[in-house]
Amino acid sequence: MSISEGENVKGRYLITTPIYYVNDKPHIGHAYTTIAADVLSRFHRLKGEQTFFLTGTDEHGSKVAEAAEKAGISPQQLCDKNSQFFRNAWQELNISYDYFVRTTDQRHIQAVTVLLNKLFSAKDQKGEKVVYSGEYSGLYCVGCEKFITEKDLVDGLCPSHLKPPQSLTEKNYFFRLSSYLPLVQKLISEDKIRILPEEKKNETLGLFKQGLEDFSISREKVTWGVTLPFDPSQKAYVWVDALPNYISAIGYGDNPEEFKKWWSGGKVIHLIGKDILKFHNIYWPAMLLAAGEKTPDLLFVHGYFTVDGQKMGKSLGNVIDPHRLIEKYGSDATRYLLLTQFPFGQDGDIQEKRLENKYNSDLANDFGNLASRVLKLIKENFSGEIPEPEDYQKEEKELQAQAVDTVRKVFDYIEEISINQGIDEILKLVRLTNRYVDKTAPWNLAKAGDKSRLRTVLYTSAETIRVISLLFYPVIPQKASKLRETLGFKEKELIPSLEKEKDWGYLKPGTKIGEITALFPRLSEKEKKAVEISKEKKMENQISIEEFAKLDFRVAKVLEAERVEGAKKLLKLKVEFGEEKREIVAGIAEHYKPEDLSGKTIILLTNLKPARIRGIESNGMLLAASEGGNLVLLTTDKEINPGAKIS
């Protein structure tokens with residue numbers, strides 16, 4: 001599909017990561033899945049498709065309660081603290097999620113309660129209750145949050161946590177999985193529920209042959225969890241609490257129109273790790289069928305990380321914090337390096353030396369060097385303006401055709417969740433462009449005074465770099481935007497649009513290019529600057545009294561408020577202060593309803609540079625305080641007229 005052919009193609013996608021357990025801090029395994037989901041979401045947005053990207057944290061269960069007790073704090077305090085670690089990591093990695101769900105949020109608990117009631121009142125085709133009470137005796141691994149069998153043990157220990165399981169007997173409620181297994185198996189076999197890679201589909205189908213049993217949906221002896229609405233003595237079993245996050249975040253139980261829009265009216269894509277394959281590929285569709293809801297369209301199962309050939313684990317001391325990679329390589333390079341170590345969907349090994357080599361070869365030498373030398377030649381020979389191409393020869397036509405074909409290939413790969421192949425195609429175009437520049441040798445054309453040919457070669461090179469900036473944007477958004485800024489794109493054009501940017505010729509001759517800086521300095525150069533960068537980071541939040549005095553804070557009154565379409569966290573506010581009226585966009589929709597804000601007095605920072613957020617120009621920033629997941633708008637303690645200056 002070419003860019004122009006895709007102008008009228010629209011779609012709607014709900015893209016999710018697993019929700020991550022809060023008994024520990026995020027590591028590169030969590031980052032890997034989340035970056036992949038972010039890349040998919042950004043690619044779909046490039047095509048003009050509506051996309052809801054969901055991630056979050058799983059906060060109930062025995063492990064959380066035990067970790068909190070060990071730390072001497074309440075379970076909720078532990079959840080608030082560790083959930084924020086994930087938010088911080090995703091912010092540093094420039095993750096563009098639309099909603100961050102927490103299973104301790106009241107909204108999620110309400111949705112789980114609605115689902116449990118629906119399942120409790122449901123009957124299968126034989127007229128038997130879908131949820132029934134019973135007694136369960138078995139071996140329970142706290143680390144896995146599941147019952148396991150004797151045959152699962154290795155030397156009497158859980159193979160994943162190397163600890164003996166507990167022997168438990170307790171009253172539970174069970175989900176009649178057996179009633180739905182034939183239909184779930186049929187849907188998977190016919191790709192109505194599509195599972196990728198293909199070997200994970202086969203692995204899932206193999207589970208049906210092993211004799212799957214009805215599973216427990218509650219625990220009697222767990223204290224930290226969602227109370228069953230039909231039996232207050234029981235807490236919801238972790239998977240019946242966790243899996244519904246995919247629907248609670250989009251309105252199940254409180255916003256039927258929004259829920260229908262994203263769940264029934266779009267394509268649902270779950271990205272998961274292979275350790276939770278059975279729960280997502282079999283249990284979750286069965287629960288949805290029992291509740292009368294649609295099953296997911298696509299489940300993509302990726303593999304495990306090892307580090308230098310060893311399984312990642314705290315006991316081995318080889319758990320890699322994504323912050324460490326960001327400090328060394330930067331946010332964009334970390335995203336690129338994690339996604340390109342091995343094919344998405346397979347097990348793979350992370351090696352520090354290989355990360356360094358790939359950074360220098362792919363990003364510094366191939367991509368960064370291409371951009372620098374082409375832009376410098378334009379600066380030196382055409383006063384920094386994009387030249388007008390003249391006669392395209394065979395080399396130009398071939399590169400143009402390759403650029404257009406790369407766009408088609410990349411988006412085709414992304415549609416199949418083949419992220420690595422998509423990135424490989426972009427890198428092929430980078431290297432092909434480098435070979436074109438080497439072959440045409442524009443520096444020699446400049447020496448020879450062949451301005452006509454030089455114009456065509458440099459325009460062709462710059463326009464191909466523009467196409468590369470479009471394709472690379474979902475993977476390395478900050479650097480791609482920086483490159484586009486250097487190419488002369490205005491602020492609203494820094495985020496590319498597949499619908500607007502044509503296959504070829506979108507770069508306008510005569511456009512003044514910006515300041516040229518190295519996109520990805522070679523690692524040795526980066527390390528030389530490490531001390532200075534560290535100092536700058538420490539100083540970046542420190543300002544003088546004189547600088548603070550330049551900030552113009554005003555009392556403002558909210559005239560109107562409304563939700564920003566397609567953005568769960570954003571509200572658009574119309575405010576006035578003095579005689580001036582403005583529009584601002586604020587990320588407070590999870591804490592305030594639009595109708596609660598009209599007439600409210602707020603504190604507004606007024607002299608910020610306008611920013612475009614979801615296509616809306618936001619002229620200012622309101623002040624708020626947050627603690628423990630709660631957010632409160634700051635205001636004055638006494639009535640005061642809008643426009644009054646805060647000093």
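Residues of the range 481-496 that are touching a residue at least 12 places away in the same chain (Cβ under 8 Å) and either closer than 17 Å to residue 389 by Cβ or surrounded by fewer than 16 Cβ atoms within 10 Å (Cβ to Cβ) (or both): 487, 488, 491, 492.
Residues are listed down the side, and each one gets a yes or a no for (1) aromatic (Phe, Trp, Tyr); (2) buried (at least 21 other Cβ atoms within 10 Å of the Cβ); (3) touching a residue at least 40 places away in the same chain (Cβ under 8 Å):
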| residue | (1), (2), (3) |
| --- | --- |
| 53 | yes, yes, yes |
| 112 | no, yes, yes |
| 116 | no, yes, yes |
| 120 | yes, no, yes |
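Whether a residue is of a type outside the set (A, V, I, L, M), touching a helix residue (DSSP H, G or I) at 6+ places or on another chain (Cβ under 6 Å) and at pLDDT 95 or above was assessed, and residue 281 passes this test.
Based on what the data block shows, is residue 24 within 26 Å of residue 334 (Cα to Cα) and at pLDDT 95 or above? Considered against the rule, which asks whether it is within 26 Å of residue 334 (Cα to Cα) and at pLDDT 95 or above, residue 24 comes out as no. Whether a residue is modelled with pLDDT of 95 or more, under 37 Å from the mean Cα position of the chain (by Cα) and buried (at least 18 other Cβ atoms within 10 Å of the Cβ) was assessed, and residue 407 passes this test. Based on this model, can you work out whether residue 222 counts as of a type in the set (Val, Ile, Thr), in contact with a strand residue (DSSP E or B) (Cβ under 7 Å, 6 or more places away or on another chain), closer than 14 Å to residue 61 by Cβ and modelled with pLDDT of 95 or more? In short, no. Between 137, 160, the distinction of being out of contact with any Lys or Arg (no Cβ under 9 Å at 6 or more places or on another chain) and within 30 Å of residue 417 (Cα to Cα) belongs to 160 only. Across the range 570-579, not a single residue is classified as farther than 29 Å from residue 44 by Cα, surrounded by fewer than 17 Cβ atoms within 10 Å (Cβ to Cβ) and hydrophobic (A, V, I, L, M, F, W, C). Selection within the range 140-154: residues that are at pLDDT 75 or above and buried (at least 18 other Cβ atoms within 10 Å of the Cβ). The member of this set that is farthest from residue 229 (Cα to Cα) is 141.
From the list 431, 435, 466, 455, the one residue that fits, being outside the structural domain of residue 616 (by TED's automatic domain parsing), over 29 Å from residue 334 (Cα atoms) and assigned to a helix (DSSP H, G or I), is 455.
Name the single residue, out of those in the range 158-187 being in a loop (DSSP other than H, G, I, E, B) and of a type in the set (D, E, K, R), that is nearest to residue 209 (Cα to Cα).
In this case the residue turns out to be 176.
Taking the criterion of being in a helix (DSSP H, G or I), among the polar types (S, T, N, Q) and either assigned by TED's automatic domain parsing to the domain that holds residue 564 or touching a helix residue (DSSP H, G or I) at 6+ places or on another chain (Cβ under 6 Å) (or both), no residue of the range 72-108 qualifies.
Among the residues of the range 482-492, is any part of a helix (DSSP H, G or I) and within 26 Å of residue 268 (Cα to Cα)? No: the range 482-492 contains no residue that is part of a helix (DSSP H, G or I) and within 26 Å of residue 268 (Cα to Cα).
Only one entry in 181, 168 is over 23 Å from residue 274 (Cα atoms) and touching a Phe, Trp or Tyr at 6+ places or on another chain (Cβ under 9 Å), namely 168.
Picking from residues in the range 249-293 that are part of a loop (DSSP other than H, G, I, E, B) and surrounded by 16 or more Cβ atoms within 10 Å (Cβ to Cβ), the one that is farthest from the chain's Cα centre (by Cα) is 291. Inspect all residues belonging to the range 385-397 and state whether any of them is within 19 Å of residue 498 (Cα to Cα) and outside any helix (DSSP H, G or I). No, the range 385-397 has no match at all. Within the range 344-351, does at least one residue satisfy the condition of being modelled with pLDDT of 95 or more and loosely packed, with under 14 Cβ neighbours inside 10 Å? No; the residues of the range 344-351 include none that is modelled with pLDDT of 95 or more and loosely packed, with under 14 Cβ neighbours inside 10 Å. Considering the range 294-303, and only residues there that are under 16 Å from residue 204 (Cβ atoms) and not hydrophobic (A, V, I, L, M, F, W, C), the residue that is surrounded by the most Cβ atoms within 10 Å (Cβ to Cβ) turns out to be 302.
Just to check your reading of the model, which residue among 235, 200 is farther than 16 Å from residue 109 by Cα and not hydroxyl-bearing (Ser, Thr, Tyr)?
200
For the range 500-515, the condition holds for no residue, the condition being that it is under 29 Å from residue 357 (Cα atoms), among the charged types (D, E, K, R) and assigned to a helix (DSSP H, G or I). Can you say whether residue 211 is part of a loop (DSSP other than H, G, I, E, B), of a type outside the set (Ser, Thr, Tyr) and either at pLDDT below 95 or under 30 Å from residue 342 (Cα atoms) (or both), as far as the supplied structure shows? Yes.
Conditions tested, residue by residue: (1) under 20 Å from residue 104 (Cα atoms); (2) without any contact (Cβ under 8 Å) to a residue 24 or more places away in the chain.
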residue	(1), (2)
244	yes, no
256	no, yes
269	no, no
272	no, no
280	no, no
286	no, no
290	no, no
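Annotation: of all residues in the range 530-587 being assigned to a loop (DSSP other than H, G, I, E, B) and among the hydrophobic types (A, V, I, L, M, F, W, C), the one that is modelled with the lowest pLDDT is 543. All conditions but one from (1) within 30 Å of residue 175 (Cα to Cα); (2) among the aliphatic types (A, V, I, L, M); (3) part of a loop (DSSP other than H, G, I, E, B) apply to residue 299; the one that does not is (3).
Within the set 321, 308, the sole residue that is among the acidic types (Asp, Glu), at pLDDT below 95 and more than 24 Å from the chain's Cα centre (by Cα) turns out to be 308.
Screening 333, 371, 364 for residues that are within 25 Å of residue 471 (Cβ to Cβ), within 23 Å of the chain's Cα centre (by Cα) and of a type outside the set (Lys, Arg) leaves exactly one candidate, 333.
The values are calculated or read from the model by the stated rules, or taken from the named source; none is laboratory data. Since this is a predicted model, take the numbers as computed values, not measurements. Quick reminder, even Gly has a Cβ in these numbers, built from the backbone with ideal geometry, and neighbours come from all protein chains shown.
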